[in-house]
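Scroll down for the structure; my scribbles are underneath it.
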Amino acid sequence: MTMANNTGGTNNSDYHCELKEHFKYILLPVSYTLVFVFGLALNITAMYVILFRTKHWKPSTIYMLNLNVCDTLYILTLPFLIYYYADKNDWPFGELMCKLIRFLFYTNLYGSILFLSCISLHRFLGICHPMRSLYWMNSHHARLVSVGIWMIILTLQAPIFYFSRVRLNDNNWVCHDTTIQELFNNYLVYSSVVMFLLFVIPFGVVLVCNGLMVKKLLDPGDLREPMSQRSKQKSVKMIIIVLLAFMLCFLPFHVNRSIYYTFRYLDNPDCDALRLSNNIYKVTRPLVGLNSCIDPILYFMAGQSFRNSINKKSSIKSDKSLSTLQ
């Protein structure tokens, strides 16, 4: 792939830099296939338990269901991307489907970030401000917050339908991950604003909330109400999983994407630096999909109803086995 004015590489029409990214034709189909198989199984299981095995819906349950919906919608788009990258960037599904796939990718990305932030904020209020938060920590407010989050995400991601385009390049129909060269400067401004509003600010909220929760948990005398050892372990697990999702899935993607976009914006960037930033950016893209596998684990580890349903199933099977033996 040659990055020049005709392909959206830089603003200089005389600049040429061949990007050696053939590795993505193996990396992306394989990684997306793994995420599709494991992520779909985990998310279907989590959705089944939330919808049919959870009797009392807490605010965290509502946030987890919305998180589950985000992940499932994203996972269902992966077969299209698997085929596309396995066929070496030749998109046969038309421009509308290209726009929808890119839209769902970023909807899942920022939906996951915002709902994970809500889970962290909810847990923080419960631990650090249990009395003051009683009014806010109820299912009604959780539903209102969830509706508001979806409205924000859909509104801020709507421009993706404008920027995403399909263009013919070397006899292949390319479904642009960003946009065509003529619109790249506008897209850079748009993506920077979205990143600040939907990643930088929520990430700051998550860091502050989890930092204060750790401080409270390490100093039992500072807690307003005593916590059982089980509750502390549950809180620690949630902190670890949420921070893992941000540090492993979201932070590398946004940092490397910003670096790559910066090099693309320059008139005459160093070709080796451009190649390196592009390659690292491609490597971090599957990490975002990995989040779809981590989120159900969050519910599995932190959700008491999930474990109860699993234990209940196991005890029923055990009783049936005993009755059969008798």
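The values are calculated or read from the model by the stated rules, or taken from the named source; none is laboratory data. Remember, it's a predicted structure, so these values are computed and weren't measured experimentally. When we count neighbours, we look across all protein chains shown, and the Cβ atoms used for this are built from the backbone with ideal geometry, even at glycine. Areas reflect the complete protein model, heavy atoms only, side chains present, ligands, DNA and RNA absent. Shrake-Rupley method; radii C 1.70, N 1.55, O 1.52, S 1.80 Å.
Here are a few things to note about the model shown:
- Contact order normalised by residue count of segment 48-126, Cα under 8 Å, 6+ apart, percent: 49
- If R0 is 45 Å, the Cβ-Cβ spacing of Ile297 and Asp170 corresponds to a FRET efficiency of close to 0.65.
- Distant-in-sequence amide H partners of Ile180 (H built 1.01 Å from N, under 5 Å): Arg165
- Ser120, Ser192, reordered so the largest accessible area comes first (probe 1.4 Å): Ser192, Ser120
- Residues in segment 62-92 that a label on Thr45 would reach, taking backbone N under 12 Å of a point 7 Å out along Cα→Cβ: none
- Rounded to 0.05, the FRET efficiency of the Val255 and Lys55 pair, given R0 = 25 Å and the Cβ-Cβ distance, is 0.05.
- For the listed peptides 105-113, 281-289, 255-263, a ranking on the average number of other beta carbons within 10 Å per residue, highest first, reads 105-113, 281-289, 255-263.
- Spin-label model, His129/Ile280: points 7 Å from Cα along the beta carbon direction are separated by 3.8 nm.
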